[in-house]
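The values are calculated or read from the model by the stated rules, or taken from the named source; none is laboratory data. This is a predicted model, so every value here is computed, not measured. Methodologically, a virtual Cβ is constructed for each residue, glycine included, from the backbone with ideal geometry; neighbour enumeration extends over all protein chains shown.
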């Protein structure tokens, strides 16, 4: 019987099969465990969830308890930046290889932690790309920026505003959430936005609060186009179907596996094993690649312990995954990450294309 190794996946909820990334990682590890002969692993991988509840008081002890377990060799996640920022040092001190498929805060790759990698674009790339969309693709003249005061919302909004200004469209409003907005009192931000008379509103706000804001703004007669980041990927929370004069847009700091040639075999397997994930498979391919990178590290490692697996990761210069060819810079960020643009319409998320390609094509017209 093979020795067992444990890999964790930090998640907000124990409803793990509602998380595309967890399903994809389980699929990858199951495939690795079943492999016999060439490529067979010397160990059996067990995937376990680390539940953070999107609460630092829960996340910190959960991460510490996980790192104290025997046979732990790596960790996936977290799935959002705020939890990643507060638990990253714990995994670093424990000597664990950490791969995230969703946490996009630039802070995560600026601390000098050599154990951290991610298969998603960071918000420095995404914020600038969204500003390019607003100014060059959607041709906005008056841009309002609204952001929550989180480790994700404030930085990406600042990056967006800086790039928009550099492109000649300084925001007519930049409203950051305070205590009132965190308590769901949105009167001030609604009035400020209406007074600014924007033709585009960029939301660096998670879907639940954006849902309230978009409906209230539409109810007050604002006809500006709405633009969100990947936190708005649950499309129904950005769209106001009966009142939208222009359908809203949002980015995804990764690929759409439904159209990417590199993800075809992954998508077919996902459809077979987790068909409910097909409606919104965002970041599932990225998590699948994270898991398979760990599998490759186990194959390469001289010893299947934390230090051996982490050392093996540093030998991987290029990896062919579901998201395409993966290569990391010296900080653990993707080199040339893909950022896509979607439009929400009638309850559907429609992939328009790569932001870089869309902006380039617009410039040539």
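Considering 82, 63, the condition of being modelled with pLDDT under 95 and in a helix (DSSP H, G or I) is satisfied by 82 alone.
Residue check: residue 302 meets all listed conditions (1) within 30 Å of residue 70 (Cα to Cα); (2) within 20 Å of the chain's Cα centre (by Cα); (3) assigned by TED's automatic domain parsing to the domain that holds residue 105; (4) outside any helix (DSSP H, G or I) but one, namely (2).
Quick grid of which residues meet (1) loosely packed, with under 14 Cβ neighbours inside 10 Å; (2) within 20 Å of the chain's Cα centre (by Cα):
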residue: 278; (1), (2): no, yes
residue: 296; (1), (2): no, no
residue: 308; (1), (2): no, no
residue: 315; (1), (2): yes, no
residue: 324; (1), (2): no, yes
residue: 347; (1), (2): yes, no
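Pairs are defined by a Cβ separation below 6 Å, a sequence spacing of at least 6 or placement on different chains, a first member in segment 31-55 that is at pLDDT below 95, and a second member that is buried (at least 17 other Cβ atoms within 10 Å of the Cβ); the pairs so defined are 54/12. In segment 128-144, the residues that are at negative phi reach residues that are assigned to a loop (DSSP other than H, G, I, E, B) and at pLDDT below 95 with C-beta atoms within less than 6 angstrom, at least six apart or across chains, in these pairs: 129/339. Take the residues of segment 170-189 that are surrounded by fewer than 19 Cβ atoms within 10 Å (Cβ to Cβ) and in a helix (DSSP H, G or I): which is nearest to the chain's Cα centre (by Cα)? Residue satisfying both the conditions and the ranking: 182.
Screening segment 85-103 for residues that are in contact with a helix residue (DSSP H, G or I) (Cβ under 7 Å, 6 or more places away or on another chain) and part of a helix (DSSP H, G or I) and picking the one that is surrounded by the fewest Cβ atoms within 10 Å (Cβ to Cβ) gives 86. Across segment 1-25, the qualifying residues are those that are in contact (Cβ under 8 Å) with a residue 60 or more places away in the chain and assigned to a helix (DSSP H, G or I), and the one among them that is surrounded by the most Cβ atoms within 10 Å (Cβ to Cβ) is 24. Of all residues in segment 110-120, those that are buried (at least 24 other Cβ atoms within 10 Å of the Cβ) and not in a strand (DSSP E or B) total 2. Answer yes or no as to whether residue 247 is in contact with a strand residue (DSSP E or B) (Cβ under 6 Å, 6 or more places away or on another chain), farther than 25 Å from residue 149 by Cβ and either in the same structural domain as residue 354 (by TED's automatic domain parsing) or without any contact (Cβ under 8 Å) to a residue 24 or more places away in the chain (or both). Here the answer is yes, as residue 247 does meet what is asked. Just one of (1) free of Cβ contacts under 8 Å to residues at least 12 places away in the same chain; (2) touching a strand residue (DSSP E or B) at 6+ places or on another chain (Cβ under 7 Å); (3) more than 20 Å from residue 255 (Cβ to Cβ) fails for residue 335. It is (3). Every residue in segment 51-60 that is outside any loop (DSSP other than H, G, I, E, B) and surrounded by 21 or more Cβ atoms within 10 Å (Cβ to Cβ), please. Scanning segment 51-60 gives a single hit, 59. Within the bounds of segment 30-43, is there any residue that is over 22 Å from residue 299 (Cβ atoms) and touching a helix residue (DSSP H, G or I) at 6+ places or on another chain (Cβ under 8 Å)? Checking segment 30-43: not a single residue is over 22 Å from residue 299 (Cβ atoms) and touching a helix residue (DSSP H, G or I) at 6+ places or on another chain (Cβ under 8 Å). Kindly indicate whether residue 173 is in contact with a strand residue (DSSP E or B) (Cβ under 9 Å, 6 or more places away or on another chain) and at pLDDT 95 or above. Yes.
Every condition in (1) out of contact with any helix residue (DSSP H, G or I) (no Cβ under 6 Å at 6 or more places or on another chain); (2) more than 26 Å from residue 224 (Cβ to Cβ) holds for residue 177 except the one numbered (2). Checked against the criterion of being in contact (Cβ under 8 Å) with a residue 60 or more places away in the chain, in a loop (DSSP other than H, G, I, E, B), touching a helix residue (DSSP H, G or I) at 6+ places or on another chain (Cβ under 7 Å) and more than 26 Å from residue 288 (Cβ to Cβ), segment 149-164 has at least one qualifying residue.
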